[in-house]
Amino acid sequence: MTSRPPEAADPLWDGGWYRFAHRVASPNFGPRPEGATVDLVVVHSISLPPGVYGGDEVRQLFTNTLDWNAHPYFKTIEGMQVSAHFFIRRDGALLQFVSCDERAWHAGKSSYRGRDNCNDDSIGIELEGLEGGTFEPAQYEALTSLAAAIAQRYPIRHIAGHEDIAPGRKQDPGAGFEWALLQRDLGWPRDWFPQA
Ligand SMILES: [Zn+2]
């Protein structure tokens, strides 16, 4: 028999919810497979409409409340039920939609480190931005703190872009994302990152 300290004792986490994120519960999630080893962080970029920042549309998309008629682009994604665990705005503000103990719907058809269906055993982080574009210092700061906190609770050994786990199908976050900067700030081993 083992004993473990109560979850409330953890200064960073309330179960799978990060204490320093603003919670916005999404219905788009399910259970992880039994015994899943959550060892991968997936970095994405998103903005709605693409290239427009600061609005409420990403939150609306992830909570199934987006008005598909509000913009022509939204018609092209009408009916999508998706979610990421986290969303980091341009100013570094952090939202969490799904408990990291649950399976969010961010990766789609994917394969990485020899395993398919990356949603099963990864944590998805969306950066407000445009694939191929650059990201703000405040976003790297928030991402670094968040990824470090995730690695304290989950046995993370890999961090990769959506483009790395779904090559040819996805291009985010793209060439404007500075993996070397993130690696330096996190101090994680080089081989945890996508190979150049
Ligand atoms: Zn993505």
For residue 127, distant residues with modelled amide H under 5 Å away = 44, 45, 46, 88
Cα-derived Rg over Rh, computed across the chain with Rh taken as Kirkwood radius | 0.95
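In the range 47-108, carbon and sulfur make up what percent of the accessible area (probe 1.4 Å)?
Ligands and nucleic acids excluded, carbon and sulfur give 50 percent.
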Near residue 161, within a Cβ-to-Cβ distance under 13 Å, what is the net charge of the other residues, with Lys and Arg +1 and Asp and Glu -1?
-> -4
Apply 1/(1 + (r/R0)^6) to the Cβ-Cβ distance of residue 115 and residue 52, taking R0 = 41 Å, and write down the FRET efficiency to the nearest 0.05.
-> 0.70
Between beta-carbons, use under 14 Å as the cut-off and find the net charge around residue 191, counting Lys and Arg +1, Asp and Glu -1.
-> +1
In nanometres, what is the gap between the two model label sites at residue 69 and residue 12, each 7 Å from Cα along Cα-to-Cβ?
-> 4.6
Consider all pairwise Cα distances in the range 67-125 and report the whole-number % of them above 19 Å.
-> 47
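Where Rh denotes the Kirkwood radius from the mean inverse Cα pair distance, what is Rg over Rh for the range 1-104? Please report the intermediate quantities before stating the final value.
Working: Rg = 16.0 Å, Rh = 15.4 Å.
Dividing the radius of gyration by the Kirkwood radius yields 1.04.
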Using θ = phi - 60° and the Karplus curve 6.51 cos²θ - 1.76 cosθ + 1.60, what whole-Hz ³J(HN,Hα) does each residue of the range 56-66 get, with Gly and Pro shown as x?
-> 9, 5, 5, 4, 5, 4, 6, 10, 6, 10, 6
Rounded accessible area per residue of the chain, 1.4 Å, Å² | 49
Lys/Arg Cβ at +1, Asp/Glu Cβ at -1, dipole of the chain taken about the Cα centre: which of 71, 38, 106 is farthest positive-ward?
-> 38
At what distance in nm do the modelled label points of residue 185 and residue 34 sit from each other, each positioned 7 Å from its Cα along Cα→Cβ?
-> 4.0
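When only C-alpha pairs under 8 Å and at least 6 residues apart count, what is the relative contact order of the chain, in percent? All intermediate terms of the calculation are to be shown ahead of the outcome.
Numbers: 364 pairs, mean separation 50.4, N = 196.
Value for the chain: 26 percent.
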Of all alpha-carbon pairs in the range 9-49, indicate the percentage at a distance above 16 angstrom.
-> 65
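The values are calculated or read from the model by the stated rules, or taken from the named source; none is laboratory data. Please read all numbers here as calculations on a predicted model, not as lab measurements. Cβ: placed from backbone, ideal geometry, glycine included. Neighbour counts: every protein chain shown. Surface accessibility is based on the protein's heavy atoms, side chains included, excluding ligands, DNA and RNA. Shrake-Rupley method; radii C 1.70, N 1.55, O 1.52, S 1.80 Å.
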